[in-house]
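Report on the structure given below.
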Amino acid sequence: MGGVEDDEPASKRMKLSSEELRRLSNGSTIKEPVAGSSRDLMARPLQSEGGEEVVGSKGVIKKVEFVRIIAKALYSLGYIKSGAHLEEESGIPLHSSVVNVFMRQILEGNWDESVVTLRNIGLTDERTVKSASFLILEQKFFELLDEEKAMDALNTLRTEIAPLGVNDSRVRELSSYIVSPSYCSPTRSPKQDTVRARSRSKLLEELQKLLPATVMVPEGRLEHLVEQALVLQRDACMFHNSLDKEMSLYSDHQCGRDQIPSQALQILQAHTDEVWFLQFSHNGKYLASSSNDQSAIIWEVLLFTWNMSITYTVDFVKDKLFKSHHLVYETGVSLKHKLSGHQKPLSSVSWSPDDRQLLTCGAEEVVRRWDVSSGECLHVYEKTGLGMVSCGWSPDGKWIFSGLNDKSICMWELDGKELECWKGQRTLKISDLEITGDGKQIISICRETAILLLDREAKVERFIEEDQLITSFSLSRDSRFLLINLLNQEIHLWNIEGDPKLVSKYRGHKRTRFIIRSCFGGLEQAFIASGSEDSLVYIWHRGTGELIETLPGHSGAVNCVSWNPANPHMLASASDDRTIRIWGLNNLSTKRKEPCSNGIHYCNGVY
């Protein structure tokens, strides 16, 4: 049995108590030494290895491995007696006797004996043996220095560590420690033995990582396997879209469609013409929209308590009645500012990194910068004889970028001073513009079938070439992926790290005449949403490409969609029918509210 009972007579205990040894070895048990030299303790096969017994219905879990991993987990959790009983009852020891001797020798500082025992464990890789010996002798070296035995430490370095031929640079570094006064303290700390024991425990952890898992079961192995299983289940769940969704070990994980925003909870009707573009702020607290009516609107996303429910639960065993209160927190969208001043329809908007300011871009007109709190226009960016077609912010919020209708891209300071301009075929008259999170790359449509990735520091250009006309694109939150809408009614997902690679394609939406925009969204941006000319909103699973929802409700083409980055259950869509729809979950309690005077209509309650 690998464990030692807590009530064992003190006369049978080692110099360190069994409890200390267990603690220092991270819960692993140490067996009592047997008679004879450690050279006679060659590792023997674990008792059940020969039979290759298995557990589980699939026949892939080896019983010996399973029991050892469970025993390791019990010791790690502090259940020392339970781990020892498991070893005894199963007849399957966590560690072989030679490994137990080796671990005890490490914790007691018997360095020379532990190096000998290491070779008796039965390791076949000589490099592993030498690397492990190096770690052990390095610990011996430092403890000799700590005991002010500089000559003994030097002898260990010259005759034991250096001949191993492992990590020559580290050997040179160790030699410099001999003359370092920091290792030659004239007085011994009263806590020195405790510190040394703790360092030996760390050494055992390092050795555990180095030695094969069959020799010493890795720390946290059971936890790692369980977490891996849960993550795989989560990733395979088509509708996983909630941070609050509890994953239990008691049953397999599976979400339903009710995790996808598919119910129109609000209709925003403040625009007087087609709504072309919309975008949530980075913090999810605001939504900005732009329209053919030459205005932009800043909407505020509000969090409030909608109602309180009381649940009564009867405990028949204890013959008691329990009452619990449940507050339902819901969100609604309200008009904050209507921004006027442009003389042409607005093609796009862009939020500053801190969400305190907003850029609006007129179609081949000017770019305006607004204060979100007051709705005041702070600056107008324009260039004589040219019109702006796109806009965006630097990640630090100190500069803005704009595409112009002469196909160039310019960078401006906030006060309007032009800093740099990239001439030539850099953008199209109708174009999107994105800047990566590190501020190094500017992304734009440079030709009808190509996207430019311009490294503004290295002055290097890369291109994504498509066979079809590109109508719009969207950059992922981590700046690693680009979502490209094409004329042939396909959306392509590209990985733009290094050489661009096509990852996936999404089909089903309709696009024949207008610019239709798509977006990433949901928890960890696991979904793709897109507008469509058939008045529907389309949602695909990003990983599989499977179409999982189509949302009816609009009466005109859906030009743009935006998923709230702070709320995976909120999606917005903008349409030629002059409205914006706010989509949420369809399993919420509903309550009708009367239409409000600010152009907001509530559909079956607010989410």
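The values are calculated or read from the model by the stated rules, or taken from the named source; none is laboratory data. Computed from a prediction, not measured in an experiment: that's the story for all the values here. Methodologically, a virtual Cβ is constructed for each residue, glycine included, from the backbone with ideal geometry; neighbour enumeration extends over all protein chains shown. Just the protein is used for accessible areas: all its heavy atoms, side chains included, with ligands, DNA and RNA removed. Shrake-Rupley method; radii C 1.70, N 1.55, O 1.52, S 1.80 Å.
Side notes on the structure shown:
The rows are residues; the columns are (1) modelled with pLDDT of 95 or more; (2) closer than 18 Å to E219 by Cα; (3) touching a Phe, Trp or Tyr at 6+ places or on another chain (Cβ under 7 Å).
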{"residue": "L46", "(1), (2), (3)": "no, no, no"}
{"residue": "G50", "(1), (2), (3)": "no, no, no"}
{"residue": "E53", "(1), (2), (3)": "no, no, no"}
{"residue": "S57", "(1), (2), (3)": "no, no, no"}
{"residue": "I69", "(1), (2), (3)": "yes, yes, no"}
{"residue": "S76", "(1), (2), (3)": "no, yes, no"}
{"residue": "S82", "(1), (2), (3)": "yes, yes, no"}
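- Neighbours by Cβ (under 6 Å, 6+ apart or cross-chain): first from the range 56-79, more than 11 Å from I92 (Cβ to Cβ); second assigned to a helix (DSSP H, G or I) and not hydrophobic (A, V, I, L, M, F, W, C): L74/S82; L74/G83; Y75/G83
- Filter result for S169 (crowded, with 22+ Cβ neighbours inside 10 Å and not β-branched (V, I, T)): no
- Residue check for L585: more than 28 Å from the chain's Cα centre (by Cα) and among the aliphatic types (A, V, I, L, M): no
To keep it simple, each residue is scored yes or no on (1) in the same structural domain as S518 (by the TED database); (2) over 14 Å from N586 (Cα atoms).
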position: A236; (1), (2): no, yes
position: L249; (1), (2): no, yes
position: S262; (1), (2): yes, no
position: I267; (1), (2): yes, yes
position: T272; (1), (2): yes, yes
position: V275; (1), (2): yes, yes
position: Q279; (1), (2): yes, yes
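- Filter result for E461 (at pLDDT below 95, more than 22 Å from the chain's Cα centre (by Cα) and outside any loop (DSSP other than H, G, I, E, B)): yes
- Candidate set from the range 495-534 (those that are among the β-branched types (V, I, T) and touching a strand residue (DSSP E or B) at 6+ places or on another chain (Cβ under 9 Å)); member that is most open to solvent (accessible area, probe 1.4 Å): V503
- C446 vs. criteria of a type in the set (A, V, I, L, M, F, W, C), under 30 Å from L502 (Cβ atoms), modelled with pLDDT of 90 or more and surrounded by 22 or more Cβ atoms within 10 Å (Cβ to Cβ): no
- Subset tally (residues that are loosely packed, with under 15 Cβ neighbours inside 10 Å, modelled with pLDDT of 90 or more and in a loop (DSSP other than H, G, I, E, B)) for the range 219-265: 1
- Options I496, I528, I484; residue that is β-branched (V, I, T), modelled with pLDDT of 95 or more and closer than 23 Å to V231 by Cα: I528
- Counted residues, the range 258-277 - those being closer than 13 Å to C560 by Cβ and aliphatic (A, V, I, L, M): 1
- Matching residues in the range 543-568 - criterion: being surrounded by fewer than 22 Cβ atoms within 10 Å (Cβ to Cβ) and not hydroxyl-bearing (S, T, Y): G543, G545, E546, L547, I548, E549, P552, G553, G556, P565, A566, N567
- Residue match in the range 109-122 (condition: modelled with pLDDT under 90 and under 30 Å from I70 (Cβ atoms)): yes
- Checked against (1) touching a residue at least 24 places away in the same chain (Cβ under 8 Å); (2) in a loop (DSSP other than H, G, I, E, B); (3) over 28 Å from E466 (Cβ atoms), H337 meets all criteria but (2).
- Helices (runs of 4 or more DSSP H) completely within the range 47-140 that count 1 or more residues being of a type outside the set (V, I, T), closer than 25 Å to S175 by Cα and open to solvent by 50 Å² or more (accessible area, probe 1.4 Å): 111-120
- Long-range neighbours under 7 Å by Cβ, at least six apart or interchain, first residue closer than 24 Å to A73 by Cβ within the range 224-245, second loosely packed, with under 15 Cβ neighbours inside 10 Å and of a type in the set (D, E): Q233/D252
- Filtered residue count, the range 529-561, keeping only those that are in a loop (DSSP other than H, G, I, E, B) and out of contact with any Cys (no Cβ under 8 Å at 6 or more places or on another chain): 16
- Every test in (1) hydroxyl-bearing (S, T, Y); (2) open to solvent by less than 10 Å² (accessible area, probe 1.4 Å); (3) without any contact (Cβ under 8 Å) to a residue 60 or more places away in the chain is passed by Y177 save one, and that test is (2).
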